[in-house]
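Here, each number is a calculation from the coordinates, and none is a lab measurement. What you see is a predicted model, and the numbers here were worked out from it, not measured in a lab. Reconstructed Cβ throughout: ideal geometry from the backbone, glycine too, with neighbour counts over all protein chains shown.
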Amino acid sequence: QDLLSSKYNDPDMRFDICSCQFVYHYSFETYEQADMMLKNACGNLSPGGYFIGTTPNSFELVKRLEASETNSFGNEVYSVKFEKKGEYPLFGCKYDFHLEEVVDVPEFLVYFPLLEEMAKKHGMKLVYKMTFREFYEEKIKNEEHKMLLRRMQALE
């Protein structure tokens, strides 16, 4: 919610990469918070720098919600619960996410085309976009990647 560069010893410091993994969707409670998140993420990037981000797929979340008979879906490991179906505002579309023994917090949908437009305002352009499933299916074909997944015990 605050401009981070004002807290740096050198507010003109530049970065080649900003990485935001599963965090920026929390800022989509309001336009102002989402815009500040992008300003913080992109404002001090060097020319040609990269913003790398991962966020839950709102299209997939809404699809699963609409297919559910209730306002929630999940399994024995995770659950997602919305207040209601059918209304998905661009900001403040809250859902509760629970991941067994790890996460139990309210989160907000990110409409990706809107995020992309907002990022343009901060001088950014989309270079690469993939769903987790697409990324996984592409990378698992590589034996070295598959070996790393085995080592992390991610193929259980």
Report summary line: Per GNM of the chain with C-alpha springs under 10 angstrom, the most fluctuating residue out of Ile52, Ile140, Ile17 is Ile140
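Stretched out fully, how many nm does the piece from Lys94 to Gln21 gain, at 0.36 nm a residue minus the Cα gap?
Numbers: separation 73, 0.36 × 73 = 26.28 nm, distance 1.88 nm.
Separation in residues times 0.36 nm, less the Cα-Cα distance, equals 24.4 nm.
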Query raised in the report: Which value, in debye to the nearest 20, describes the size of the charge dipole of the chain about its Cα centre when Lys and Arg Cβ atoms bear +1, Asp and Glu Cβ atoms bear -1, and nothing else is charged?
Result: 460 debye
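Could you work out the mean projected area of the convex hull around the alpha carbons of the chain, in square nanometres to one decimal? Spell out each step's value before the answer.
Working: hull surface 45.9 nm².
Averaged projected area of the chain's Cα convex hull equals 11.5 nm².
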Query raised in the report: Pick from Ser72, Ser19, Ser58: which residue has the top mean-square fluctuation in a GNM of the chain where Cα pairs under 10 Å get a spring?
Result: Ser19
Report task. Can you work out the PRE-style zone for Tyr136? Point 7 Å along Cα to Cβ, and I want the residues of the range 49-75 with backbone N under 20 Å. Result -> 53-68, 73-75
Query raised in the report: In the chain, what percentage of the DSSP-assigned beta bridges are antiparallel, given to the nearest 5?
Result: 70 percent
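Just order 103-116, 28-41 by mean Cβ neighbour count inside 10 Å, highest at the front, would you?
On the way: 103-116: 15.7, 28-41: 18.1.
Most protected by this proxy first, the peptides run 28-41, 103-116.
Report the calculated FRET efficiency for Met13 and Thr70 (r = Cβ-Cβ distance, R0 = 35 Å), to the nearest 0.05.
Numbers: r = 48 Å, r/R0 = 1.38.
Calculated value: 0.15.
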**Report entry** Pairwise centroid distance, computed over Cα atoms, of the range 1-37 with the range 103-120, Å
**Finding:** 14 Å
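Add -39500 (n - 2.57) for each DSSP H run of 4 or more in the chain, then divide by its residues: what number comes out at 222 nm, to the nearest 500 deg cm²/dmol?
Values: 5 runs with 49 residues, N = 156.
So the calculated ellipticity at 222 nm is -9000 deg cm²/dmol.
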Query - Residue-span extension gain [Ser6 to His145] - 0.36 nm each, minus C-alpha spacing - result: 46.1 nm
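Given just the C-alpha atoms of the range 57-108, how large is their convex hull per residue in cubic angstrom?
77 Å³
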